[in-house]
Structures are given as C-alpha cells and as structure tokens.
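Below is one structure, written out as structure tokens; the observations come after it.
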Amino acid sequence: MFNLEEFLLMREKRVEIQNSIIEKYNLPILVLRANYPGEDKNSFVPKYILEILKDEIIDIFNSDIIFSEKLESIEGPTYIYAIKDFGRDIKKIAMLIEENHPLGRCVDIDVFDSNGYAFSRKDFNGEKRKCLLCEEMAFVCARKQSHTQLEVQDAIRNKLEKYLESEKIKTDVVQRFSNLALKSVILEVSAFPSFGLVSPQSNGSHDDMDFFTFIHSGFSLDSYFKEVIKAGYSELPIHLIFKKIRYMGKIAEDKMFLATNNVNTHKGLIFLMGITAACAAKTKSQNLPFENISTFIKEMCKDILKDFDNIHLKKKLTHGEKLFLNHGIVGVRGVAKSGLEMVFNGGISTFKDSIANGEHINHAMIRTLIYLMSILEDTTILHRHDIKILNEVKDTAIYLKEKFSNESLNIQTLNEIEQDFISKRISPGGAADLLAITMFLSFIQNSFE
C-alpha cells in the first residue's frame with residue numbers, strides 16, 4: 001500500500017544525498033528518474049526504461065562520470081552522476097536525450113550545477129515537455145486531468161514495446177555491418193602485392209609486424225565495430241553519437257595495442273571505420289539513401305580540424321600535428337571532414353567495377369589501392385619520408401592507374417614496384433585504411449537499395 005509520508009521522506013532524503021554529492025565532488029550532477037504516473041514506481045516498465053536510458057547516459061558521458069550512485073526507494077530507482085563537465089552543457093545533452101531518444105519522454109533528467117542550481121528548460125529558451133498522448137503541454141494535461149493514469153501508463157508501455165521491436169532490427173544491422181567491417185579489415189591485409197604494406201607473402205617495409213600481427217589486431221576490433229554501429233543506429237543527434245564513439249575508439253586502441261604487443265597496426269583505421277560504420281548505421285536507422293552516409297560523416301566531423309587549434313602551445317606533438325604545423329597537411333581528419341569524398345567519388349566504383357568485370361577480388365583491391373594512392377596525402381608515408389617521396393608514390397600510382405585502365409594488371413610489374421618501395425621503406429598505410437573503408441561501404445551498399 002502506498003505510503004505518502006514515506007514517499008515525501010524519501011524525496012527529502014534524496015535531495016540531501018544529491019546536495020552531499022555536489023558538496024563532496026564540487027561538480028554538477030545529473031539525476032535520472034522514471035517519468036511514470038501512479039503509486040508503483042518500481043514496476044517492471046519504468047525500471048526497464050530507466051536501465052535503457054542509464055546505459056545511454058553512461059555511453060555519452062563515459063570517462064567524465066566521476067561518481068555514480070543508485071538509490072532504491074518508494075520513489076523508484078534513481079541514478080545520480082557527478083560529471084566532470086559544465087552544468088549547462090550537461091543539461092543541453094539531457095534535453096536532447098529527452099527530446100530525441102524514443103523513450104526520452106518516459107524519464108526525467110534533472111541537472112544541478114556545482115552550486116546546487118537546478119537548470120530548467122527556460123534557461124535555454126526550451127519549451128516545456130509535451131504530453132505523451134497529445135500535443136498539449138504535459139503540465140496542462142495534468143492540471144486538466146485530460147487523460148487517466150491508466151491511459152498514460154498504457155502509452156508508456158506501448159512506447160517500450162515499439163522500442164524493443166526496433167531493437168530487433170538494430171541487432172540484425174549491428175551483426176551484419178560489423179561482420180562486413182571485420183571482413184574488410186582482414187581482406188585489406190590479404191591483398192598482394194601491396195606496395196610495401198604487410199601481406200600474406202611479405203612483411204613489406206615493416207620489421208615490427210607481419211600478417212599474423214594484423215590478424216590478431218583485426219579480430220581485437222570486432223567488439224568495437226559492434227559498439228560503434230549500435231551507437232550509430234540511433235535517433236540521437238550526430239554530435240552525441242560522435243561523443244560516444246570517440247571514447248569507444250580509445251578503448252579499441254588499448255585492445256589493439258594489447259593484441260599486437262604495442263605495435264600500431266590499425267590506429268588510423270579505428271578512427272575511420274568508427275565514424276564510417278556509425279554513420280552508415282545512422283543512415284540505415286533513418287531509412288535514408290546510401291549517399292547520406294557521406295553527409296552524416298561531414299556533419300559528424302565538421303569541427304574535427306579544431307583538434308589543431310592552439311597546437312603551437314603544446315609541448316608534445318603527435319605525428320599528425322607536426323605535419324599540420326610544417327606542411328598544412330590535415331591527414332585522416334581532412335579525409336573525414338570531406339565526408340570520405342575520394343571513397344564515395346571513385347574508390348567504391350573502382351572496386352565494384354573491377355569485380356563486375358570478372359576480376360579476382362585481389363586484383364580489385366590492388367586497383368582500388370592504386371587509385372587511393374594516386375590522390376591521398378598519405379601521412380603514413382610522410383611519417384618516414386618527406387613530401388618528395390610522397391609525390392613520387394602518387395606519380396607512380398597515377399602511372400599504374402593509367403597503364404592498366406583498359407587491360408589486366410601485370411603482377412610482375414607490380415612486384416617490381418613493390419620491391420622498389422620496400423627497399424626505400426615506403427608503406428602507404430593511409431591508403432590501406434581507406435581500402436578497408438571502401439570495401440566495407442561497397443559490401444553494405446545493397447542494404448540501402
């Protein structure tokens with residue numbers, strides 16, 4: 001039986017706990033509770049919905065969550081998070097979750113700054129939340145008692161059922177797309193001759209890795225591919241998806257280095273495949289055409305070059321930052337900011353046309369690699385060499401592309417060029433990453449038709 005006095009006492013106790021967490025950590029807090037009418041706040045539906053939204057919040061704020069606590073009471077479960085971020089920014093994200101997640105209207109996400117101030121939607125010129133059953137403001141419907149408690153509960157239950165049905169579709173997309181991402185990664189390292197890259201026949205221009213190093217590395221990324229595709233298959237705004245997958249990428253890098261004994265095999269690919277797979281899933285979730293993947297990538301990466309802001313003040317620079325300072329080369333960030341233009345406007349057609357013409361997939365991969373080498377400012381080459389060598393590689397690729405445009409590849413010629421590249425320790429690693437991306441997009445393209 002519902003006890004009003006106990007309910008009010010627990011609410012008071014919750015407020016005390018919230019204030020103590022703010023005081024202890026001197027950080028803003030986010031408080032997540034179910035928005036469910038009636039006396040039983042601990043029934044299956046509100047608790048299940050709360051767990052779903054709790055996982056979203058953890059994925060979005062990830063390592064910025066300094067402390068978390070779960071309260072169990074007559075009020076229903078309550079999650080409290082102390083987050084290392086600006087309170088206003090946390091509230092903006094909370095509002096986006098409430099407005100965009102399919103179950104966002106079934107929860108309340110309150111945010112308090114480090115002084116205990118409770119942000120409201122009015123602070124951001126936001127509208128009050130609407131009713132679950134009609135377009136009227138929720139507080140107006142509540143005041144008028146426009147809907148019965150049972151009607152609102154049924155509406156929430158229906159939302160949950162609809163969400164769970166969509167999750168079945170998502171699970172299928174995650175499985176199919178992640179399998180094809182892994183397939184693309186393994187195929188890429190299987191191509192030969194590959195101009196100084198590691199292959200089954202050669203370590204190429206590398207003395208710290210071989211074909212099996214790449215196999216171990218590739219399979220270590222399997223769970224990462226699933227995670228970013230799951231994150232992308234979402235109604236949340238693209239910048240929140242990016243926030244999720246950037247943290248996932250850091251975890252994937254750690255797994256890669258563990259699998260390879262600290263050899264960097266796929267760091268660039270982790271970034272590129274992450275954004276590509278997530279944007280492919282986002283496109284699929286909204287039933288948009290295949291080309292929209294590029295549009296979403298552009299939107300996701302529109303501010304990516306801000307990573308270079310104020311790098312002249314940094315004491316320790318990454319390889320990419322040094323190239324930007326010395327040559328203005330933006331590397332993989334620039335490729336992403338363009339929406340993978342070279343892949344969508346040539347890479348995919350090169351690969352698929354070769355297959356359609358009856359060529360072996362190995363030849364299709366070599367043709368695509370040559371195409372990518374001919375236009376890419378490959379920072380992997382620049383890491384070992386200079387602009388002069390990079391231009392020589394591009395000129396060689398242009399020559400090969402033109403020479404074999406209307407005839408079969410001459411493997412002997414390609415082997416000779418590969419040996420020359422190996423002698424000079426040239427390895428077009430950036431083009432290799434884009435080859436894997438190109439194949440992944442080629443494999444999933446028919447999913448959008």
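The values are calculated or read from the model by the stated rules, or taken from the named source; none is laboratory data. Just so we're clear, the structure is a prediction, and the values are computed from it rather than from any experiment. Quick reminder, even Gly has a Cβ in these numbers, built from the backbone with ideal geometry, and neighbours come from all protein chains shown. The area values use the complete protein model at the heavy-atom level, side chains included, leaving out ligands, DNA and RNA. Shrake-Rupley method; radii C 1.70, N 1.55, O 1.52, S 1.80 Å.
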Q) Quick one: which of SER217, SER199 is open to solvent by less than 70 Å² (accessible area, probe 1.4 Å), within 29 Å of the chain's Cα centre (by Cα), more than 25 Å from CYS279 (Cα to Cα) and not acidic (Asp, Glu)? A) SER199
(Q) When you check GLU56 against the structure, is it in contact with a His (Cβ under 8 Å, 6 or more places away or on another chain), in a helix (DSSP H, G or I) and not aliphatic (A, V, I, L, M), yes or no? (A) yes
**Q.** Checking ARG14 against (1) open to solvent by 40 Å² or more (accessible area, probe 1.4 Å); (2) in a helix (DSSP H, G or I); (3) charged (D, E, K, R), the condition it does not meet
**A.** (1)
Q: Give segment 192-224 a look and list any residue that's at positive phi and in contact with a Leu (Cβ under 8 Å, 6 or more places away or on another chain), or say none.
A: PHE195, GLY204
Q: Give ILE29, ILE57 a once-over and let me know the one that is more than 26 Å from GLN149 (Cα to Cα), open to solvent by less than 60 Å² (accessible area, probe 1.4 Å) and touching a residue at least 60 places away in the same chain (Cβ under 8 Å).
A: ILE29
Q: Considering each residue of segment 60-93, count those that are basic (Lys, Arg), within 23 Å of PHE124 (Cα to Cα) and touching a strand residue (DSSP E or B) at 6+ places or on another chain (Cβ under 6 Å), and give that number.
A: 2
Q | Cβ-Cβ under 8 Å pairs, at least 6 apart or on other chains, segment 154-171 side closer than 16 Å to PHE44 by Cα, far side open to solvent by 60 Å² or more (accessible area, probe 1.4 Å) and modelled with pLDDT of 95 or more | A | LEU160/TYR48
Q. For ASN261, all conditions in the list (1) on the phi > 0 side of the Ramachandran plot; (2) in a helix (DSSP H, G or I) hold save one; what is the number of the exception?
A. (2)
Q) Residues of segment 85-109 being touching a residue at least 60 places away in the same chain (Cβ under 8 Å), surrounded by 17 or more Cβ atoms within 10 Å (Cβ to Cβ) and farther than 12 Å from GLU56 by Cβ, which ones? A) ILE90, ARG105, CYS106
Q) In segment 250-270, which residues are under 24 Å from GLY339 (Cβ atoms), modelled with pLDDT of 95 or more and surrounded by fewer than 22 Cβ atoms within 10 Å (Cβ to Cβ)? A) LYS250, GLU253
